[in-house]
1. Can you tell me which lysines have their Cα less than 28 Å from the Cα of Lys325? Leave out same-chain residues fewer than eight positions away.
2. The range 239-316 to the range 381-415: how many Å between their Cα centroids?
3. Taking the Cα-to-Cβ direction at Asn160 and at Cys439 and moving 7 Å from each Cα, how far apart do the two end points lie in nm?
4. Compute the distribution of all C-alpha to C-alpha distances in the range 108-206, in bins of 10 Å from 0, and list the percent of pairs in each, rounded to whole numbers.
5. Extending each Cα 7 Å along its Cβ direction at Cys431 and Val319, get the distance between those two points in nm, one decimal.
6. To the nearest 20 debye, what charge dipole does the range 168-247 have about its Cα centre, counting +1 at the Cβ of each Lys and Arg and -1 at the Cβ of each Asp and Glu?
7. Which whole-number value in Å³ per residue fits the convex hull of the alpha carbons of the range 164-232?
8. Would you mind calculating the relative contact order of the range 195-304 from Cα pairs under 8 angstrom and at least 6 residues apart, reporting the percent as a whole number?
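The values are calculated or read from the model by the stated rules, or taken from the named source; none is laboratory data. Bear in mind the structure is a predicted one, so any value in this text is a computation, not a measurement. Using ideal geometry, Cβ is built from the backbone for each residue, glycine included, and neighbour counts are taken over all protein chains shown. For the accessible areas, the whole protein counts, side chains as well, though only heavy atoms, and no ligand, DNA or RNA atoms are used. Shrake-Rupley method; radii C 1.70, N 1.55, O 1.52, S 1.80 Å.
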Amino acid sequence: MMPSPSSQDHILRRSFSKQRSFPRSCNHSCRFYINLLITLICVFLALLQIQTVIRTSATPFTFPSSFSSSYSTWPLLAHHVHNLIGELELRQTLTAEPRGNVTFLPLKDLRFAETAMLGNTWFMSSVNDTKEKGEAEYLYFPSKEMDGKLLCLGGGSASNGTMNSYAFAPAEALPLNAKLLSGLTFVSDSYYSYDNIFHGLSALAPFVAWHERKACVMEARWVLYQQGEIRRNLKSPWIRTLMEATFGPSMKIEQFRKSDEGPSCFEQSVVFRRNQGAMGRERKEKLYDLLRCKARAYCNITREEDDLKAVRLTLLLRVGARSFKDDDAVIDIFRRECRKVEGCRLKVAHPNNLTFCDQVKLMSGTDILASPHGAQLTNMFFMDKNSSVMEFFPKGWLELAGVGQYVYRWLADWSRMRHQGAWNDPHGEPCPPGLTTSCFSFLKNQQLGHDEAFFSNWTARVLGETRRYKPQKPSLEAALERDGHCKCG
């Protein structure tokens, strides 16, 4: 008796089920190898996709040479795949333009967010700087180092550098909707705000050095970034006026609004993103010589004949943060010591109510500058070379400030001034218990006391040194400044 069709179907299914069932002895091991095989196939497909995107990327990826077919390298492979996928996600934030195979990448690379001050750069991270002995590191487009390509910039975010972008493109194959801007463009990125005159000067000074060594070549425009975020103006009148004194009165800063159509590409561009970086001392001296000369010419500073005979002491006082608790007592100490030296003239000023040219004039007539630590000390390079600086700190700076307490020592060295040391107030308010911020953030802007004996002896010593080494006739540099000749090249 033959089984019915339904019974045959049931027998076939049962027979097939028996044929494909695994022996109990290999059940777990077979499943493990099948799962491993499926995982390897998925990884292979993922790597294949990554390599496809990599081939169109601005920067090639490479696998470590330690990878092999050995099972022991599997953890290394998994770790590297994880890193590649993270980098791929970052790069795919902005997609490649189809024209000319141009790839736009984020200006701000978040992989270096924690190490931006430790030699890495998160601004245009896919390309290395050009380095010349004694010069600040830079990028120049078009150049041999950049394969003759132009720099293109896109986006207009003032709050998120990852939303702004950059690309390198041949002049004959620019991105779609791109506009080509003629002339030389200065592109700056600063970690700190341009509004602080020390940090602003540190970021823009390399462009002055470039200008000086390129026979005073002039720029057509500026593009300013802070941590990859667009900055459309210089809020500090001091910084803007100094740049206009150096480069001319029409400092054009690109706006790059979000509504702008397409990216902008530049016929020529130079990028500085590490402040003065590796710039050597000789170059720095020429840089500050040029800035001093340009500022004095801009402000029509003239020398008086008796300036060579006088010892000119200026006490530059602050208001608020890091001011003296008793200005009058400090002024009396300096006035008393000044009276003991023949030809000594004391001036007392507050920088907050002085224009740029007021400050240039004041410093041009100063041989000794005494002032608490602060941005106003940046004015020191307007003094004649070999002039002196005396600096004062509140309690806590010596112990907690790190290298930040030395920036004006460095500036004095760069501009060939004499930093005559510093006084650190040993007294001050203790950090309150339960402070949620660092102790230094509480102490850094405290007011200063004074030490009459120390200030008197210190001032007397510096006045005596200045009387001995101050030249008694104008230098060649002074004569050139008087005639309005600020040298380039």
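1. Result set, ordered by chain and number: Lys340, Lys347, Lys361, Lys395, Lys444.
2. Here the answer is 20 Å between Cα centres.
3. That separation, rounded to one decimal, is 4.0 nm.
4. Reading upward from the zero bin: 12, 40, 39, 9, 0.
5. Distance between label points: 3.2 nm.
6. On the way: 8 positive and 7 negative charges, 27 e Å.
Computed charge dipole of the range 168-247: roughly 120 debye.
7. Values: hull volume 7.9 nm³, N = 69.
Each residue corresponds to 115 Å³ of Cα convex hull volume.
8. Working: 78 pairs, mean separation 42.0, N = 110.
Contact order relative to length: 38 percent.
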